[in-house]
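Bear in mind that the values in this text are calculations on the coordinates, not laboratory data. If you're wondering where the values come from, they're calculated on a predicted model, not measured in any experiment. We place every Cβ from the backbone using ideal geometry, glycine too, and count neighbours over all the protein chains shown.
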Amino acid sequence: MWPLIKLLPTKTNFPFVSLARLFATLSIVAVIGTVIGTFYPGPNVGIDFKGGTVLEINTGAKPADLARVRGALNNLHLGDVQVQTFGKPNAAVVRFQTPKGADPGKIVTSVKAAISGALGQVTYSRTDVIGPEVSDELKISGAVSLLAAIGLMLLYIWFRFQLQFGLGAVVALFHDVTLSFGLILLLRLEFSLNLIAALLTIIGYSMNDTVVVFDRLRENRRKFKKMPLRELIDLSVNETLSRTVITGLTALLALSGLAMFGGESLRPLSIVLLFGIVIGTYSSIYVASPIILLWGVKKDDDDAVPIAPQPARP
């Protein structure tokens, strides 16, 4: 009974391809829902992409009086001001947009003076100021980084396997990024550079998982040239399933600890990564592989040549 990993079956025979139509329908519905949610109600964009200032304050032994902070900042006419607790009663985060044409440094100084006047002695653990020009550059850079990552993955898979494999992998990557963004929309997480990093990490993990399945599919295609492609895909996925489950569970355990004990600033990142690990494993089975089935693959590879056993050394 120990280690518990021995309880996992060493060989499975699940009919994955037979359920491909059902899961493809669910994926299409989820992607359409994400596209709709992108326009309405839209993402909860952080200051990284819309410009503004974030202050994290700590009031020491006494809890932060958010109402007094809001009242003090309303007199500064900053427009959209958000004040909320941050993990502990004595910690709070203040977000506001800098008025156009104003000096960000002077505005931050005025805000800190107003907060100190309302709450007394406070400490600032974080002060981030993003101007509108910088936020526009970050939007473009974030979108370019995601598209470049997916494009490079396509070239890598095309070079290593065939174009059909590359198309399957890229469709799976778009699927994973889209649904992960859908989770951000659904939970109203603040979309920031941290979540761009999470999406890039999901792309890397999903591609790694897909390459493992594709490698086994290529090997089996050389061994069983007369086996139908549907059966080859099922065989390949089943043969890599235990490795996929073990790797995924290891990542989920690490990210679960980060989500529980990493604090408020890291919780959105860990939540998106947790979801991305699951959806990346799913897409390797029910998105990338069925695309191969639709397109078909060339069968002009040479047969696998068994390696002759070497004589034992004396």
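Excluding Leu193 itself, calculate the net charge of residues whose Cβ lies under 11 Å from the Cβ of Leu193, where each Lys or Arg counts +1 and each Asp or Glu counts -1.
-2
With a sphere of radius 11 Å drawn around the Cβ of Asn13, what net charge do the other residues whose Cβ falls strictly inside it have (Lys, Arg +1; Asp, Glu -1)?
-2
Need the full-extension length gain, Lys223 to Ala197, defined as separation in residues times 0.36 nm minus the C-alpha distance. One decimal, nm.
Details: separation 26, 0.36 × 26 = 9.36 nm, distance 3.97 nm.
Stretched fully, the Lys223-Ala197 segment lengthens by 5.4 nm.
Going from the alpha-carbon gyration tensor of the chain, what semi-axes, largest first and in whole Å, does one get by taking the root of 5 times each eigenvalue?
Numbers: eigenvalues 494, 95, 56 Å².
The answer is 50, 22, 17 Å, longest axis first.
Suppose we keep just the DSSP beta bridges with both residues in the range 20-154; what percent of those would be antiparallel, to 5?
Of the beta bridges lying entirely in the range 20-154, close to 100 percent run antiparallel.
Given +1 on the Cβ of Lys and Arg, -1 on the Cβ of Asp and Glu, and no further charges, what dipole in debye does the chain carry about its Cα centre, rounded to the nearest 20?
The dipole of the chain has a size of about 580 debye.
Report, please, the projected area of the range 52-130 averaged over directions, based on the convex hull of its C-alpha atoms, in nm². If you can, show how the numbers build up before the last one.
Details: hull surface 18.3 nm².
Averaged projected area of the range 52-130's Cα convex hull equals 4.6 nm².
Charges only on Cβ, +1 for Lys and Arg, -1 for Asp and Glu: so what's the dipole of the range 53-152 about the Cα centre, in debye to the nearest 20?
Here the range 53-152 has a charge dipole of around 400 debye.
Which residue, Met153, Gln97, Ile115, has the largest displacement toward the positive end of the dipole of the range 75-223 when charges sit on each Cβ (Lys, Arg +1; Asp, Glu -1)?
The Cα lying farthest towards the positive end belongs to Met153.
Between Phe86, Phe261, Phe275, find the one with the highest GNM mean-square fluctuation for the chain; connect C-alpha pairs within less than 10 Å.
Maximum fluctuation in the GNM of the chain, among the listed residues, is at Phe261.
Test of understanding: in a Gaussian network model of the chain with alpha carbons linked when under 10 Å, which of Thr25, Thr281, Thr178 would top the mean-square fluctuation ranking?
Thr25
Could you give the DSSP H helices of the chain that reach 30 angstrom or more along their long axis (alpha carbon positions) and whose average Kyte-Doolittle hydropathy is no lower than -1.0?
132-160, 163-187, 193-223, 229-261
For the chain, modelled as a Gaussian network with Cα springs under 10 Å, which listed residue fluctuates most, Asp103, Asp65, Asp128?
Of Asp103, Asp65, Asp128, the most mobile in the Gaussian network model is Asp103.
What are the equivalent ellipsoid semi-axes of the range 146-281, built from the alpha-carbon gyration tensor (square roots of five times its eigenvalues), in whole angstrom, biggest first?
Numbers: eigenvalues 189, 58, 23 Å².
Rounded to whole Å, the semi-axes are 31, 17, 11.
Note the count of lysine pairs whose C-alpha atoms are less than 12 angstrom apart in the chain, limited to pairs 8 or more residues apart or on different chains.
Working: Lys50/Lys139; Lys62/Lys88; Lys223/Lys299; Lys225/Lys298; Lys225/Lys299; Lys226/Lys299.
Step by step, the pairs that qualify in the chain add up to 6.
Where does the range 69-222 land on the Kirkwood hydrodynamic radius, alpha-carbon pairs, in angstrom? Numbers along the way, then the final one.
On the way: mean 1/r = 0.0521 Å⁻¹.
Every distinct Cα pair counted, the radius reaches 19.2 Å.
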